[in-house]
Amino acid sequence: MGEKIVKQKGQLYRFIEHAEMKMERKGEADTLTFSASSELPADRWYGTEVLSHDPGAVRLDRAKNGSMPLLFNHNMNDPIGMVTGARLEQQRLMVDAVLFSTDRAKEVRGMIDGGLRNVSIGYRVDVLEENIKTGTFTATDWAPHEVSIVTVPMDHTVGIGRNESEYTVRMLHVEPLITKETTMEPKVELIDEPVAKLNPVLVEKMRRSGIENLCKANKLPDETRDHWISQGTSMNVVAEEMLGIMEERGRENPQSVAKLGLTNKEVKKFNLCRAIDACGAQNMGLAPFEAECSREVARKLGRTEANRNAFFVPLEIQEREQVKRDLTVAAGSAGGFLVQTSNVGFIEALRNKSVVMAMGATQLTGLQGNVAIPKHTTIGTVTWLANEASTITETNQVLAQVTLTPKTVGGYTEISRLLLLQSNPSAEAFVSNDLAAIVATAVDTAALNGSGGSGQPLGIIGTAGIGGVTGTSIAYAGIVEFQTDVAGGNALTAGCGYVATPVVAGLLKQRVKFASTASPIWEGQLLEGMVDGYKGMATLNLPTGNLLFGDFGQVVIGSWGVLELEVNPYANFQAGIVGVRAIYTLDIGVRYPSAFSLATSVT
């Protein structure tokens, strides 16, 4: 058994996003019950840390005797309650807390009611046990000190000194045998360096491990992994290149579970209208080929086939171009002739009808399983050397990640049964286009203002860390302030743009940059124009009175390519109207909140 004694600066933090909370009213007090920590691994300066939740590993004295505070954003001067109980359940630390009756606690209670579910725990570790094979460090003796409701997670890779400025941690590990006859003697070493000054060997180990984990999680080839490792590629460059690879891979060779490998002939054979009509009649035997395709998608999803009123649409059908023929009259008495025109299919129409996608959101298609997108959160710094004896202060870049997990969104439209029975390319294109429109509305609304709860992605507006422009009567100076705000976050690019409600866009069309001149702030059309050299788009999917500016390329929209249609044949029985609910699988993430700035209540 080998042992090292290291010094840790301040306490550590762990973050749980959107924790499940139970809130009750007991007497005159509000009580909360939620999970505060788990065994989810976290990267530390010394390696990957896992908090053991085995009996005896967690010191719960403070929590059980009522001396552990409930804080807001880890601010010791901003208490909102006290932890009244703690216990270990299913490898998690569950805590009970009571909110104070202060105005501040009531204010935070309102935030929680509004959807704030981010929880972070402050703790210290006394004993870490290293697993040589896995390279992980398991905390087998640790103690929580406080629990916080937080808006933005603390960087869990560092310790930040607060009340406890420094303490020692015992690191235990077993050295491997050299031969059967000789072993390495355990060494005891006192490391008296601050946490921020890392051993270069450990830094390189963390870089290699991070690249290997990212490539494995996102199924990137070994050649790419080896290239990044051997070339010493920094993690922020890896993050950008990995995102580009995934985006290109999705465009060129989507491997969604909804992709069946249909031939061109089979793609043309699939009739969406026929499938909807057969589904409404609850007799998929009327559409045997479409039914076979639906069963295959269901099989690949690992699900029993959709119910009698629903079916799955293969990815090739969503991507295909719809062809229609329009009768056009030639000049003079030459008569008429047919002109073939192509209309984009469901996927392309979905992109065109979503403002966020049209503004340049990064789209990842053909996803399988969860996807981790790295994001660069802290850049390294440089040191000017005053003389030949000066030394460079070591700093390290910090990476976090945006995780995309499949989420299901649904929209509803109604189609006449007569249209479905026409079975011609024009009807097929109309139905596909209509379905794309309702899904696009849902996607756009979620990307702009998703709550992050109840199955919704977290949208731009709700993402902690975005900038803001104050004031309600936005004039030209306010428009420029959006740009300086984003530039202050080092995120201003030529691809930025403005998104507003039609009412706000209309106001800006009536206001001028310079008095007594024809210089409207919003130039061109209302729904798509130019604002001070940047693209501007208007949509009803934005909350009333809002104006949003930023680099929409930092919004990542991941699609698993699964489209499920469910049919209600009795939406309007007398008129022969069929209701169709379109359900699509995707997720949305914001890589850099500082790339956006928002104004609300614009008048």
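The values are calculated or read from the model by the stated rules, or taken from the named source; none is laboratory data. Everything quoted here is computed from the prediction, not taken from an experiment. Note: ideal-geometry Cβ built from the backbone for every residue, glycine included; neighbour counts use all protein chains shown.
At-a-glance table
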quantity	calculated
Among (1) modelled with pLDDT of 80 or more; (2) not in a strand (DSSP E or B) - the single one His18 does not satisfy	(1)
Enumeration of residues in segment 555-603 that are part of a loop (DSSP other than H, G, I, E, B), touching a strand residue (DSSP E or B) at 6+ places or on another chain (Cβ under 6 Å) and among the hydrophobic types (A, V, I, L, M, F, W, C)	Val602
Residue within segment 415-431 that is more than 30 Å from Leu508 (Cα to Cα), touching an Asp or Glu at 6+ places or on another chain (Cβ under 9 Å), touching a residue at least 60 places away in the same chain (Cβ under 8 Å) and part of a strand (DSSP E or B) present	yes
Segment 141-158, residues that are of a type in the set (S, T, N, Q) and at pLDDT below 50	Thr157
Scan of segment 479-496 for residues that are in contact with a strand residue (DSSP E or B) (Cβ under 8 Å, 6 or more places away or on another chain) and farther than 30 Å from Val150 by Cα, ordered by number	Ile479
Cβ-Cβ under 8 Å pairs, at least 6 apart or on other chains, segment 106-131 side closer than 30 Å to Leu172 by Cβ and without any contact (Cβ under 8 Å) to a residue 60 or more places away in the chain, far side surrounded by fewer than 19 Cβ atoms within 10 Å (Cβ to Cβ) and of a type in the set (A, V, I, L, M, F, W, C)	Asp126/Ala143; Val127/Leu172; Glu129/Leu172
Residue that is at positive phi, surrounded by 18 or more Cβ atoms within 10 Å (Cβ to Cβ) and not aliphatic (A, V, I, L, M), where the choices are Gly529, Gly576, Gly545, Gly561	Gly561
Whichever residue in segment 259-295 is charged (D, E, K, R) and closer than 20 Å to Thr408 by Cα and, among such residues, is modelled with the lowest pLDDT	Lys259
Lone qualifier among Leu508, Leu548, Leu526, Leu542 - being in a helix (DSSP H, G or I) and touching a strand residue (DSSP E or B) at 6+ places or on another chain (Cβ under 7 Å)	Leu508
Of all residues in segment 523-568 being of a type in the set (S, T, N, Q) and touching a residue at least 12 places away in the same chain (Cβ under 8 Å), the one that is farthest from Ala500 (Cα to Cα)	Asn568
Entirely in segment 32-135, the strands (runs of 3 or more DSSP E) that have 3 or more residues that are of a type in the set (A, V, I, L, M)	75-89, 92-99, 119-131
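The rows are residues; the columns are (1) surrounded by fewer than 18 Cβ atoms within 10 Å (Cβ to Cβ); (2) in contact with a Phe, Trp or Tyr (Cβ under 9 Å, 6 or more places away or on another chain); (3) basic (Lys, Arg); (4) at pLDDT below 75.
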position	(1), (2), (3), (4)
Ser390	yes, yes, no, yes
Thr393	yes, no, no, yes
Gln397	yes, no, no, yes
Gly411	no, yes, no, no
Ser416	yes, no, no, no
Gln422	yes, no, no, yes
Ser426	yes, no, no, yes
Leu435	no, yes, no, no
Val439	no, yes, no, no
